[in-house]
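Take a look at the structure set out below.
The values are calculated or read from the model by the stated rules, or taken from the named source; none is laboratory data. Worth saying up front: this structure is predicted, and the values here are computed from it rather than measured. Ideal geometry is used to build each Cβ from the backbone, glycine not excepted, and the neighbour counts take in all protein chains shown.
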Amino acid sequence: MVQCEMCGAETSSPNTIKVEGAELDVCGDCTDFGTEVRQQESSSTSTKYSTSSNSGGSSGGSTRSGRSSSSDGGGGGRSRGSDMFDDVEELAADYDDRIRRAREQTGLSQEDLAKELNEKASLIRKLEQGSMLPSDSVQQKLERKLDVSLTSTGGTEDTDWESDSPSGSYTLGDVVERND
C-alpha cells in the first residue's frame, strides 16, 4: 500500500498528477485536484529542464530543509532527482542587519557604499531596511566589498509540523487546511 501524497490515505493504485508544477502520487479521491501525468515508455528524449527521477542524482537524497525525501516505511520509496536548487545557499534572515553592521564597521555611508558598488543609494537603503532582497550580483558585490556572508549557515530543519502518518513522512494533508 502506498500513501497518498496529498491527503495521506492508503491506496493500492496511486495516480500521478501534476499540481502547480509538482508531481504527486495520489489516491483516486485527490486526482481531481491536478492534471493526470502520463508516464513515457522510453526515456530516449531529454529536455533541457528535465527533472524526472531517472535523470541521475542520488537516491534518497535530502531536501533543502534537511528532511529525507525518501520514505522509510510504507511510502512510495521513489527517489527524487537532482534539480537546479539543490546546491543553492539561502539568503540569511538577518541579511539587512549584516549589511548595515558591516557597512558601519568599514566607516562608509550608504551613499559611499553605493558609489563603490556602482549601485544606487536607494538600493542600499532598501536592503538595509529589509524591504528588498539583493540580486545575486549585488549580493556578491556586497559580500566582497564588506567581507561579510549574507547566506544562512547550517541546515536549519523545519520541525514545526508533525505528521499523522505511521511512516512519519509529510503529506500535503498534514500542512494544508481545506475549506470545503
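Gly8 meets all of the listed conditions (1) small (Gly, Ala, Ser); (2) at pLDDT 80 or above; (3) under 20 Å from Leu150 (Cα atoms); (4) part of a loop (DSSP other than H, G, I, E, B) but one, namely (3). Only residues that are over 23 Å from Glu177 (Cβ atoms), modelled with pLDDT of 85 or more and aromatic (Phe, Trp, Tyr) were counted across segment 11-49, and they come to 0.
For Glu143, the stated conditions hold: it is out of contact with any helix residue (DSSP H, G or I) (no Cβ under 7 Å at 6 or more places or on another chain), more than 30 Å from Val2 (Cβ to Cβ) and modelled with pLDDT of 90 or more.
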